[in-house]
Ligand SMILES: NC(=O)c1ccc[n+]([C@@H]2O[C@H](COP(=O)([O-])OP(=O)(O)OC[C@H]3O[C@@H](n4cnc5c(N)ncnc54)[C@H](O)[C@@H]3O)[C@@H](O)[C@H]2O)c1
């Protein structure tokens, strides 16, 4: 299915980097077991690491336990001891069974954390630094990606690379060695296309422009792409544009030759915090939006917040609605962060949920906060009501129904009642809910719940969002 979905997330890194703490946090967020290898060894051997180390057979034990943990299912989060990667067997098993993330911390920070502990290799600062320098190349060589905190590990686990200016290094970041087809929103191609082409270098085989925005998500556009593409099976589609382009480009990649790898390079705030994360690709039909699609996880999602500088105000506002939604779900005012960090945190929040629920069978439903009402209003407007405006209204309704204040939504998103027919909106909402009547509400900040609502309450809430 994609990076890390079927393999362990292994954390490597020097002592004091925080592998046990961050590993436990990531395991919780991904809904996976956590294996803290040093603790597993201590439990298995009935002896403390310090003693096993002094007895002299610790490295062999570590290798045995690491190989066993990495060969075991289901996929877990595994934190390895700082020296485990000195074993070639462990390095080989990491490559076979895990997506390996190097948790980094500055050597001074690491020393401050372990100084005075009873760790056998943390008794002398000079030796500690020397060991750090010696192991650094091994960590770099063994890791698929590096991170500095839990959000970073979550992103790295799903092959989401966050870096301002990363477009320039796109060519080095795209996995594999086969040819590349650049599929780009025509408007975005005019702004960032030349940089993307330059960065892709000699591997770039062909360039395909898609109509800007939602018009890309049609069978006709896909049919044209299917016939234009000359990629072999080891070729990769690189989709450059907003959520419409990553949805359509990803769908073409999912279906061409029964599936070729693809890279998502979202250029909108909606794309970077939402649409390009989670493996859903799709097209619209006359009957409705996103009715055809496939789960096809990108081999790389590149989040370059520098690309957002050229985004028009109304598109930024649409993204802000998803940021507010994410902050409410996470229980943190993520909207207050500077834009790049806002992108990183929101993207990590969605990534964790999607790794937990890759095929959208449950936990991921909470991402629909405010969206049930939004979809109904958009459908009733014949899709003339911008999605961001509809989500602002939907979030206000969800907060009111949750008995929570709506200040954040009012101040940041300024929802304006929609000019749509009330009966059409109600019919669309009933269609969307397929009679189940289940909504996402909040029991408090950061505590989403799925709950049923009596029709009268749902209709009343919907009516308050409609003008006139
Ligand atoms: N797959 C998913 O999980 C998922 C989730 C949410 C939304 N979506 C889909 O995403 C789509 C909406 O995507 P969107 O909001 O990112 O917008 P979009 O892709 O429709 O683009 C909106 C407009 O912004 C322009 N644009 C994009 N990047 C730009 C840039 N950097 N500078 C200047 N102009 C730029 C485009 O040309 C277009 O005119 C919808 O079709 C929705 O269904 C998918």
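Take each of the peptides 335-342, 242-249, average the number of other beta-carbon atoms within 10 Å over its residues, and list them starting from the highest.
Numbers: 335-342: 15.6, 242-249: 29.4.
Result, highest mean first: 242-249, 335-342.
Taking Cα atoms only, the orientation of helix 219-228 departs from the longest principal axis of the chain by about 50 degrees. From the alpha carbon centroid of the range 7-46 to that of the range 244-301 is 33 Å. With both labels modelled 7 Å from their Cα along Cα-to-Cβ, the residue 341 to residue 427 distance reads 4.9 nm. Measuring spread by the Cα atoms of the range 128-247 yields a radius of gyration and Dmax of 17.7, 61 Å. Distance from the C-alpha centroid of the range 398-415 to that of the range 117-192: 38 Å, rounded to the whole angstrom. The Kirkwood hydrodynamic radius of the range 178-324, based on inverse pair distances between different Cα atoms, is 14.9 Å.
Each distinct pair of alpha carbons in the range 419-468 adds a 1/r term; the inverse of their mean, the Kirkwood radius, is 11.8 Å. Pair-distance distribution of the range 241-332: all C-alpha pairs, bin width 5 Å, starting at 0; shares per bin in whole percent are 3, 15, 22, 21, 19, 14, 5, 1, 0. By how many degrees, between 0 and 90 and to the nearest 10, does the Cα long axis of helix 186-200 differ from the longest principal axis of the chain? The answer is roughly 20 degrees.
When N is the residue count of the range 247-286, what does its C-alpha Rg come to as a fraction of 2.2 N^0.38 Å?
On the way: Rg = 10.6 Å, N = 40, 2.2 N^0.38 = 8.9 Å.
Scaled against compact globular proteins, the figure is 1.19.
Over the chain, the ratio between the Cα radius of gyration and 2.2 N^0.38 Å evaluates to 1.06.
State the three equivalent ellipsoid semi-axes of the range 4-109, derived from the C-alpha gyration tensor as the square roots of 5 times its eigenvalues, in descending order and whole Å.
Working: eigenvalues 81, 53, 36 Å².
After diagonalising the Cα gyration tensor, the semi-axes are 20, 16, 13 Å.
Among 289, 350, what is the fewest-to-most ranking by other Cβ atoms within 10 Å?
On the way: 289 16, 350 25.
Ranking 289, 350 by Cβ neighbours within 10 Å, fewest first, gives 289, 350.
What value, in deg cm²/dmol to 500, does the helix sum -39500 (n - 2.57) over DSSP H runs of n ≥ 4 give at 222 nm once divided by the residues of the chain? List each step's numbers first, then the result.
Values: 19 runs with 217 residues, N = 468.
Helices in the chain give a 222 nm mean residue ellipticity of -14000 deg cm²/dmol.
From the alpha carbon centroid of the range 330-367 to that of the range 209-223 is 27 Å. Ordered by the count of other Cβ atoms within 10 Å of each Cβ, fewest first, 393, 300 give 300, 393. How far, in degrees from 0 to 90, does helix 125-142 lean away from the longest principal axis of the Cα atoms of the chain, to the nearest 10? Approximately 50 degrees, to the nearest 10. Length gained on full extension, residue 306 to residue 356: 15.1 nm, using 0.36 nm per residue less the C-alpha separation.
By count of other Cβ within 10 Å, fewest leading, how are 262, 111, 297 ordered? Intermediate values should be presented prior to the final figure.
Working: 262 30, 111 18, 297 26.
Lowest to highest Cβ neighbour count: 111, 297, 262.
For the range 335-385, evaluate the Debye formula with one uniform point scatterer on each Cα (no solvent term) and list log10 I(q)/I(0) at q = 0.25 Å⁻¹, rounded to two decimals. Rounded to two decimals, the profile gives -0.88.
Length gain on complete extension for the stretch residue 121 to residue 447, per 0.36 nm per residue less the alpha carbon to alpha carbon distance? Present the calculation step by step, with values, prior to reporting the outcome.
Values: separation 326, 0.36 × 326 = 117.36 nm, distance 4.22 nm.
Value of the extension gain: 113.1 nm.
Where a number appears in this text, it was derived from the coordinates with a stated rule and is not lab data. Because the structure is a prediction, the values reported are computed rather than measured. We place every Cβ from the backbone using ideal geometry, glycine too, and count neighbours over all the protein chains shown.
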